[in-house]
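The block underneath contains the structure these notes are about, expressed in structure tokens.
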Amino acid sequence: MKEILIFAGTTEGRKLSESLAVSGIAHTICVATEYGEIVLKENPFMTVHRGRMNEEQIREFIQDGKFEAVVDATHPYADLVTKNIKSAMEGMNIPYLRLKRELHESREKRNVTYFETNEACAKALEKIQGNILLTTGSKELSKYCISEDVKSRLFVRILPGIESLSLCMEQGIKGKQIIAMQGPFTMEMNEATIRQYGISCLVTKQSGIFGGYYEKLEAAKRTGVSVFTIGPLEADTGYFFSEVCGELEKICQQKIRIKNEMEITLAGIGMGNSKNLTKEVCEKIGEADILLGAERMLAPYRPRIEKKPFYLAKQIIPYLHEIQKKYSMESLKVVILFSGDSGFYSGCQSVYHALQEGIDAGQLQAGIHIMPGISSVAFLAACIGESYQDAAVYSMHGKELYNLARRIKTEQKTFMIMSGVRDVNRLGDALIKAGMTECEIITGYQLSYAGQQIKKRTPRECLELKEEGLYTCFVKNPNIIHNNLTHGISDGEFIRDKVPMTKEEVREVSICKLKLYQGAVVFDIGSGTGSIAMEMAGISPDIQVYAIEQKKEAVSLIWRNKEKFQLENITVIEAKAPEGLQHLPRATHAFVGGSGGNLKEILWTLYEMNPNMRVVINAVCMETICEIKEILALYSIENEEIVQMQVSRAKEVGKYHFMQAENPVWICAFKFREGRAGYEA
């Protein structure tokens, strides 16, 4: 069995040993002290050698062990050990891999003074006052104890091993001056230590991301103490953790399993003011290694590693994939920030599902969970003393919201999340055009921020509002109109002129046969006055209707009826079918009221667009029905229905009512079934 030799003494070395162990790769790990052995997790694939070795001893140890590769995972400042290992291996045909520590160069310096040597740092400490927290380790302690003044003010944090404690005793450091603890230390732990011992200056090595360096800097910033740093280090040559694993995989011809599952949190942060964060979200942000989200959300926070203005799945997933490879030895804590509440008109859900797919596909090793926030609707409702469980709630933030006035007129209370002042202007305009000027509007501007304004406005004042910013609005409608639960506009309500129109009863049956649903995209081909289009669009603002008509007079009528019924979810297309369908979105349903002699071509185009489309065709003569049956024989269809309707209406003649028959109409309904069509265009 091929065996690897690791010179450890760092977190990276221990992590490498753990990864080799779970991969079933035998290895020997060399540690200098008893404590270095204690912190290692026992496993059957690991052999431990304890004790310091000089160059000659290292050479003999490597030759006797017949190792396949040597990994130098000693501390970045242990340059003598690294030098001895390299010298000992001269002339050996064994790969040497230096595992370098990952530093983050772009970090803000924050009241940090740098020194090239411990001696220079100790000299500078003589010129400052107050207690000193020394975190450079026990080996360098003697350099800080030359001055009795400095020594009397030292509080030394060391590993809880006999060797470290003995070195403290030798230098006259004892009692409460010794803080014997094993890291890594969180920012909170560092802050507590600084406050507990009344520290004025923290002394540290520039030990990198996984040496706890940035947790010390953040604690110092929070407590206002100065930092003396030994460094910066010269660029450390060698391989990052994932690169070392890659090289060892080639040598051992075996996959190395790296235990580095990320903890991903999707967090709602409310309106943006940090005072409105839940305590749980606040804690997660404070613990974060990496923060992602819109730039304005990230501004107040400083994660341990970095923050990026990413909030879309297509940005986040490739980034996390790369970051997991780069920091492969660490189980990173990633927090992605979303405004408002994570489950309320939030981008959180799409990102969650995309991340879960990446996890299921093995692209990411991660666990994921969601934390809610306070929505702007909940905040505004609390400010104005209104409930929202009995109100309609909509969002115009980054999306098109059709039939604004129609939505509001059927509700007593409506809350609306806006993108900006233009949406507030649009709200005012829609209410004015609908004659709903008695509606009372309360605008919530920059909610939770210092410039917050909550003000009652009329529709006219909303239309004229100029101040840009984030808005959430509440609309109270004193003249509620109850919405019909079924479609059904009488023929007399349409602007018609001389253009033919599908009669009321035929419209209702034809639309029922279409079997529309929320989110449907419908073509009304040969729309005429647009009566079918109006009825369908009025069922739900979430149905998108395309009214296709080639006659100019009819197109004009469709526009006039659309404006009359305030239906923004109708798009009018002046074109002949099927040519006019070419660049439209993929439809789920189609109604053919008039084909202009192109029925065969229209049906072929519809089938090509969506071979599962639901179609209803109206015909008024037997020849058209025969044509329909002949054409449909070329397709695979299902749920076929042919209904013949003849409607008679009562006509008053004197004191009597006589039934007057309308022309019979055939209604043909079916659904394409995906399969090979027999018609070739």
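The values are calculated or read from the model by the stated rules, or taken from the named source; none is laboratory data. Just so it is clear, the model here is predicted, and its values are computed rather than measured. Cβ: placed from backbone, ideal geometry, glycine included. Neighbour counts: every protein chain shown.
Determine, yes or no, whether Leu99 is modelled with pLDDT under 90, buried (at least 20 other Cβ atoms within 10 Å of the Cβ) and of a type in the set (A, V, I, L, M, F, W, C). When the stated conditions are applied, Leu99 passes them. Take Thr443 and decide whether it is surrounded by fewer than 16 Cβ atoms within 10 Å (Cβ to Cβ), of a type in the set (Ser, Thr, Tyr) and in the same structural domain as Leu470 (by TED's automatic domain parsing). No: the conditions fail for Thr443.
Restricting the range 409-425 to residues that are surrounded by fewer than 18 Cβ atoms within 10 Å (Cβ to Cβ) and in contact (Cβ under 8 Å) with a residue 24 or more places away in the chain, which is farthest from Ile269 (Cα to Cα)? Per the criteria, the residue is Thr410.
Residue count for the range 13-57 under the criterion of being at pLDDT 90 or above, within 44 Å of the chain's Cα centre (by Cα), closer than 21 Å to Pro76 by Cβ and assigned to a loop (DSSP other than H, G, I, E, B): the result is 0. Among the residues of the range 289-313, the ones that are hydrophobic (A, V, I, L, M, F, W, C) and in a loop (DSSP other than H, G, I, E, B) come to 5 in all. Considering only the range 291-333, state which residues are in contact with a Ser or Thr (Cβ under 9 Å, 6 or more places away or on another chain), within 17 Å of Glu357 (Cα to Cα), crowded, with 16+ Cβ neighbours inside 10 Å and not polar (S, T, N, Q). If the condition is that a residue be in contact with a Ser or Thr (Cβ under 9 Å, 6 or more places away or on another chain), within 17 Å of Glu357 (Cα to Cα), crowded, with 16+ Cβ neighbours inside 10 Å and not polar (S, T, N, Q), then Ala313 is the only one that fits. Candidates are the residues of the range 334-367 that are of a type in the set (Val, Ile, Thr) and either crowded, with 19+ Cβ neighbours inside 10 Å or not assigned by TED's automatic domain parsing to the domain that holds Asn273 (or both); the one that is nearest to the chain's Cα centre (by Cα) is Val351.
Conditions (1) in the same structural domain as Glu247 (by TED's automatic domain parsing); (2) closer than 21 Å to Glu12 by Cβ, marked per residue:
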{"residue": "Val71", "(1), (2)": "yes, yes"}
{"residue": "His75", "(1), (2)": "yes, yes"}
{"residue": "Lys83", "(1), (2)": "yes, yes"}
{"residue": "Met92", "(1), (2)": "yes, no"}
{"residue": "Gly161", "(1), (2)": "no, yes"}
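Would it be correct to say that Asn561 is at pLDDT below 95, under 46 Å from the mean Cα position of the chain (by Cα) and exposed (fewer than 12 other Cβ atoms within 10 Å of the Cβ)? So Asn561 fails the test.
No other residue among Lys127, Lys139, Lys174, Lys123 is among the charged types (D, E, K, R) and touching a residue at least 24 places away in the same chain (Cβ under 8 Å) apart from Lys139. The residue list Gly492, Gly428, Gly469, Gly435 contains one member that is free of Cβ contacts under 8 Å to residues at least 40 places away in the same chain, part of a loop (DSSP other than H, G, I, E, B) and either over 30 Å from Ser274 (Cβ atoms) or outside the structural domain of Gly526 (by TED's automatic domain parsing) (or both), which is Gly435. Among the criteria (1) under 21 Å from Gly538 (Cβ atoms); (2) touching a Ser or Thr at 6+ places or on another chain (Cβ under 9 Å); (3) not small (Gly, Ala, Ser), the one Thr486 does not fulfil is (2). Scan the range 384-408 residue by residue and report those that are aliphatic (A, V, I, L, M), without any contact (Cβ under 8 Å) to a residue 60 or more places away in the chain, over 21 Å from Glu438 (Cβ atoms) and in contact with a Phe, Trp or Tyr (Cβ under 9 Å, 6 or more places away or on another chain). Val393 - this is the single residue of the range 384-408 that is aliphatic (A, V, I, L, M), without any contact (Cβ under 8 Å) to a residue 60 or more places away in the chain, over 21 Å from Glu438 (Cβ atoms) and in contact with a Phe, Trp or Tyr (Cβ under 9 Å, 6 or more places away or on another chain). Filtering the range 582-601 to residues that are at pLDDT 95 or above and either part of a helix (DSSP H, G or I) or not assigned by TED's automatic domain parsing to the domain that holds Lys503 (or both) leaves nothing.
The residues of the range 504-526 that are in a loop (DSSP other than H, G, I, E, B) and surrounded by 16 or more Cβ atoms within 10 Å (Cβ to Cβ), listed by number, are Leu516, Ala520, Gly526. Count of the range 638-673 residues, restricted to those that are farther than 21 Å from Val506 by Cβ, in a strand (DSSP E or B) and under 47 Å from the mean Cα position of the chain (by Cα), is 2.
There is no residue in the range 476-487 that is crowded, with 22+ Cβ neighbours inside 10 Å and under 20 Å from Phe591 (Cβ atoms).
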